[in-house]
Amino acid sequence: MSATIRAIGTAVPQTTIGQPAVRELFRTQTGTSRLAQRLIGAAFDGSAVDTRHTVLPELDPAADAGDFRDARGALVSPSTRSRNDAYRVLAPPLFVASARDALSRSGTPADAVTHLVTVSCTGFTQPGPDLEVVGQVGLRPDVFRQHIGFMGCCAAFPALRIAAAFVDADPGAVVLVVCAELCTLHVRTSDDPDQIVSNSVFGDGAAAAVVAAGGPGLRIDDFATTVVPEGAGDMAWNIGDEGFEMVLSTAVPKLIGQHAGAAVAPLLGDAPATSVPTWAVHPGGRAILDRTQEALGLPDDALAASRAVLREHGNMSSATVLFVLAEALRRGLGDGAPVVALAFGPGLTVECARLTVAGADGVGAADGASAADGAGAADGASAADGADGVDGTVGTVGTDEAAGADDAGAANLAAGAAPCPAAATGLP
């Protein structure tokens, strides 16, 4: 029985920032050169991002000052230690909120989870967020824990590979995968084009997936990985003195366009890319989506979910592709519908997966929640007793029943992003 994503849960911080306001915040900083001002305008206006979410309320120019913006409106650049101290406080609530959402949507009791895989590349701490999930969500203290750190935007795929391997080895396994990224902790003023692009697209968010044997959901059919060595210097993620430093050269979209076809070929066989109606492509940026779509000859609606997530959330690194899958399901996918997912990371690495909607005539999707005002998920999308899924039932996964989960009912896969309560950073 194949490993299946039984539910996807999401969470975002409460603060929503609009692209025009943040563009002007960066563009009008004292000391910004004329060239940098033009680059900031072009990067923000051409990003195809309307809104993002952040754990830093002060990045909203209308909000009170904070550790990253002083009372005069000047952006401050804290040390890497201070930024990581903020991660230690602000990351765990996002991990926990998305994990709870995924478990609720799948109808899975917390003590049924046998394996926990956490993912993050935007901070480090031990004891880590994995233990926060165990303690706050109520997982068993003997749950197997695995953390994937610093792999970048493609890291959800290695996490899902690990989850699928656990389930393939033990059909009674129930794996909780949780990706959380606080990308905006690493913003700073700069004339460097890579940093300007990063400032214009990255946001914060978390997504979780429950993976078990069989049952309704997204069946995991296969994975594929491609490394493009000539792009090793064009996408990188390093630790600097004032936060983590992103290298994202203008060559990346072109390289992805050149290699996208070969990357997905093992998943397609002799079939053309157009035989798959839905492509969950990590929206690293507008140009990356454009080049991928062009290279594969896909119609506009094939990447509609990816563009919607980019527009509403920006690039949330490893969590983003799970947001895209949730959005695709919310839009409606029929039983047996194929989906190909892709994400890109340092290396240059292209990670891919082929999935199939399984177990129902269609997978229902909850309406998205409003995160800006801290409202709960709309239309019961994150109700504690489980949101409605296909046929009005909620799929339940337990360690003793996972092997027979085909008859358990349909889990509500597509999640509205649940807002995560704000916490004070307390930076020194």
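The values are calculated or read from the model by the stated rules, or taken from the named source; none is laboratory data. Keep in mind the model is a prediction, meaning the values are calculated, not measured. Neighbour counts are summed over all protein chains in view; Cβ atoms, including those assigned to glycine, are modelled from backbone coordinates with ideal geometry. Surface areas here come from the heavy atoms of the whole protein model, side chains and all, with no ligands, DNA or RNA. Shrake-Rupley method; radii C 1.70, N 1.55, O 1.52, S 1.80 Å.
Here are the numbers for the structure shown:
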| quantity | calculated |
| --- | --- |
| Residue identified as surrounded by fewer than 16 Cβ atoms within 10 Å (Cβ to Cβ), hydrophobic (A, V, I, L, M, F, W, C) and out of contact with any Pro (no Cβ under 8 Å at 6 or more places or on another chain) among Ala262, Ala232 | Ala262 |
| Selection status of Thr278, of a type in the set (Val, Ile, Thr), at pLDDT 95 or above and loosely packed, with under 14 Cβ neighbours inside 10 Å | no |
| Unmet criterion (only one of (1) at pLDDT 95 or above; (2) over 11 Å from the mean Cα position of the chain (by Cα)) for Phe323 | (2) |
| Pair list, Cβ under 7 Å, 6 or more apart: segment 77-90 residue closer than 19 Å to Asn199 by Cβ, other residue modelled with pLDDT of 95 or more and part of a helix (DSSP H, G or I) | Arg83/Leu185; Arg83/His186; Ala86/Leu185; Tyr87/Leu185 |
| Selection from segment 161-191 of residues that are surrounded by 20 or more Cβ atoms within 10 Å (Cβ to Cβ), under 18 Å from the mean Cα position of the chain (by Cα) and either of a type in the set (Asp, Glu) or more than 19 Å from Thr122 (Cα to Cα) (or both) | Ala163, Val175, Leu176, Glu181 |
| Selected residue [more than 29 Å from Ile220 (Cα to Cα) and either buried (at least 19 other Cβ atoms within 10 Å of the Cβ) or not hydrophobic (A, V, I, L, M, F, W, C) (or both)] from Asp142, Asp194, Asp130 | Asp194 |
| Lone qualifier among Leu39, Leu56 - being open to solvent by 20 Å² or more (accessible area, probe 1.4 Å) and modelled with pLDDT of 95 or more | Leu39 |
| Which listed residue is closer than 20 Å to Phe44 by Cα and modelled with pLDDT under 90, from Asp194, Asp204 | Asp194 |
| Residues (assigned to a strand (DSSP E or B) and surrounded by fewer than 18 Cβ atoms within 10 Å (Cβ to Cβ)) located in segment 246-259 | Val247 |
| Any hit, segment 12-29, residues being at pLDDT 95 or above, hydrophobic (A, V, I, L, M, F, W, C) and under 23 Å from Cys121 (Cα atoms) | yes |
| Filtered residues of segment 231-245 (kept if more than 12 Å from Gly345 (Cβ to Cβ), outside any loop (DSSP other than H, G, I, E, B) and touching a residue at least 40 places away in the same chain (Cβ under 8 Å)) | Ile239, Gly240, Gly243, Phe244, Glu245 |
| Options Ala112, Ala63, Ala97, Ala71; residue that is in contact with a strand residue (DSSP E or B) (Cβ under 6 Å, 6 or more places away or on another chain), open to solvent by 20 Å² or more (accessible area, probe 1.4 Å) and of a type in the set (Gly, Ala, Ser) | Ala97 |
| Filtered residues of segment 294-304 (kept if surrounded by fewer than 17 Cβ atoms within 10 Å (Cβ to Cβ) and either in contact with a Pro (Cβ under 7 Å, 6 or more places away or on another chain) or under 30 Å from Thr15 (Cβ atoms) (or both)) | Ala304 |
| From Arg307, Arg291, residue being without any contact (Cβ under 8 Å) to a residue 40 or more places away in the chain and either buried (at least 18 other Cβ atoms within 10 Å of the Cβ) or of a type in the set (A, V, I, L, M) (or both) | Arg291 |
| Residue list for segment 74-86, filter: closer than 19 Å to Pro129 by Cβ and open to solvent by 40 Å² or more (accessible area, probe 1.4 Å) | Arg81 |
